[in-house]
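Contents: one structure, followed by commentary.
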Amino acid sequence: MSHLQQDWSALESELSVSLGASVRFDDGHRAVYASDASNYRQVPIGVVVPRSVDDFIKGVEICRRHNAPVLMRGGGTSMNGQTVNVAVVFDMSAFCDEILSLDPVAGTALVEPGVVCDKLIGAAEKYGLTFAPDPSTHSRCTLGGMIANNSCGPHSVMAGKTLENIEALEVMTYDGARFWTGPTPEDELSRIIAAGGRQGEIYAKLRDLRDRYADLIRGKFPDIKRRVSGYNLDQLLPENGFNVARALVGTEGTCALTLRAKVRLVQSPPNRVVLVLGFPDIYLAADAVPEYQRFSPIAIEGLDRAIIRGLQARNLAQAEIDLLPEGDAWVMVEFGANSLEDATAQADKAAAYFRERPTGPRPSSWVITDPAMQRRMWSIRENGASATQLSIDPSIPDPQVGWEDAAVDPLRLGDYLRSFQALVDRYGYQTSLFGHFGDGCVHARITFDLRTVEGVARFRAFIREAAQLVVDCGGSLTGEHGDGQAKAEFLPIMFGEELMEALREFKRIWDPLNRLNPGKVVDAYRVDDNLRMGPQYKVVKLHTRMDFRSAEGDGFQRAVEHCVGMGRCRSTQASTMCPSYRATKEERFSTRGRHGCSGKCCRATSSRTAGTASR
């Protein structure tokens, strides 16, 4: 009998007695939490919105007594399916969201898992500091989710992924063991193992795992900044200090549950200047990565013409697009310094170089010093893909996530993109290309046909070939958004079977009963399981008196499909959306949760509606 078919009434009853109104097992709440920003949908057993971390601990203990799977969820913005499962979903974003302390001298903060990225950034900025990883969802993604996914963002160029910005984690295992993790010197490791107990047992097995697989880990793990796929077994190596906290970053809630995190804060350049460069195509823009890097920018972001054309076709962000320098692909190179003069001088120096570039095309350029104008330009990069994620032509499938964030050595980015585009063309798909060029991480929305059996088979074949291509280029299947379900089936292509067994063993050490987010990362669902809008998807035609016409089609159903799950309606920072969510902090009252989304919250790209600038 599957978990979904079991009678969970006793579990619901015990949770309700202990946690009261925080427990929601009704069909409405289960439907709301069945989706995220990915292609997947799995109806949970039930939902718990704990009022505190202590309530969360109580809830997991009750789930353990009933042998129920558990999924820890933040903003639900994951694009590879790791925040949906047939499990008891604990939504940590509503109340477990305190910054417990912030030490500007040490450059650290202690946070609960539900703290939104922008909330921490805002608190740190008061001291001239910042939390460097800043995904495009920074206004609503949580630190717990960022730790689970090993999230990045434009400013990972400046200070690395989430992994490099974690000092220590307090974690809890499914069986209730609770302890702090971090770097572990050999003498401390021996002491922990000698002390016994569950932590000692885990550390002893981790040490044994490390010793048996050390050479293979060193030889097979791609040596690139954005290797996010798999578990961070390399963090157990002696040269990395047996850092158990960082080994747990990116495990997507499959191994241990984060209760508190001590994070690193870095200096935030108070003055920013953006250089926008226009190239003839995205491949030539990618070839120039080594040249951008020589000027030490704090962000290097690229996007191609497809997103711009899509915005123009929808009459969105036209004022901003008109300001772009001439070209068919653009790179935004951001510089930061203590004074505006210094930041401007850096940008001017880079612009002068490209005006007189010794080889290759000389791109057009624009140096932007005005913060408001910078925000307008960043809004195109941050929101353009979501704003154009429905097809205008009914004969062309909607662009989808699915091969969303592969990463290669930035020095090989141009060649990889040419090969990737050739693969897309061979399958007859269309795509847009954009992403974090400084780290070699590229996003792509592709016109997969997921609504027919034949289309899904073709999708599977494409993903397999794309995985092989990125591995042949020395890259990682995911460079930002995690493996979840979208990439996990194909991890053996990247790691080989021997290292895959090491990944499985790592999971078993922490979660021997396989109750934490099962079916994700290892022993995973197939890439075409649990599709939200797969061949079984049925359009319900509703006749309404209101007019729901848009560029992408008519009718209420098409209007609902504008919501791609990115959760911009959950933003509580500098946004007009969504008043009912802001008042209640209830997912079911967000625009996304009501399933009546007009899409406008995720389609905001003009200076009038865009959120804060990327930091």
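Laboratory data are not the source of any read-out in this text; all were calculated from the coordinates shown. For clarity, every value in this text was computed on a predicted model and none was experimentally measured. So basically every Cβ, Gly included, is an ideal-geometry build from the backbone, and we count neighbours across all protein chains shown.
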Net charge contributed by nearby residues that have their C-beta within less than 9 Å of G360 (K/R +1, D/E -1): 0
Using Cα pairs closer than 8 Å and at least 6 residues apart in sequence, work out the relative contact order for the chain, in percent. 17
Among (1) 0.95; (2) 1.52; (3) 1.09, which one is Rg/Rh (Cα atoms, Kirkwood Rh) computed from these coordinates? (1)
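How much mean residue ellipticity at 222 nm does the chain get from its helices, if each DSSP H run of length 4 or more adds -39500 (n - 2.57) and you divide by all residues, to the nearest 500 deg cm²/dmol?
Details: 21 runs with 218 residues, N = 615.
One gets -10500 deg cm²/dmol as the mean residue ellipticity at 222 nm.
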Show the residues, 5+ positions off or on another chain, whose built amide H is closer than 5 Å to the amide H of T108. D103, L265
In whole Å, largest first, what are the principal axis extents of the Cα atoms in region 472-528? 36, 24, 19
Given an 8 Å cut-off on Cα distances and at least 6 residues of separation, report the relative contact order of region 9-91 as a percent. 35
How compact is region 110-212 by the rule of thumb for globular proteins, expressed as Cα Rg over 2.2 N^0.38 Å? 1.28
Any trypsin sites (Lys or Arg not before Pro) in region 50-150 that lie in a DSSP loop and have at most 10 other Cβ atoms within 10 Å would be K126
Using alpha-carbon pairs under 8 Å, 6+ residues apart, how would you state the relative contact order of region 66-134 in percent? 23
Taking Lys and Arg as +1 and Asp and Glu as -1, residues besides A285 with C-beta under 10 Å from its C-beta add up to -4
Env charge @ D439, Cβ radius under 14 Å, K,R +1 / D,E -1, value -3
Reachable aspartates and glutamates from K349, criterion Cα separation under 13 angstrom, eight or more residues apart if same chain: E291, E334, E341
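Here is the link list: K161/K585; K220/K487; K225/K487; K225/K520; K220/K507; K126/K262. Which ones come out longer than 25 Å on Cα distance?
From K161/K585; K220/K487; K225/K487; K225/K520; K220/K507; K126/K262, over 25 Å: K161/K585.
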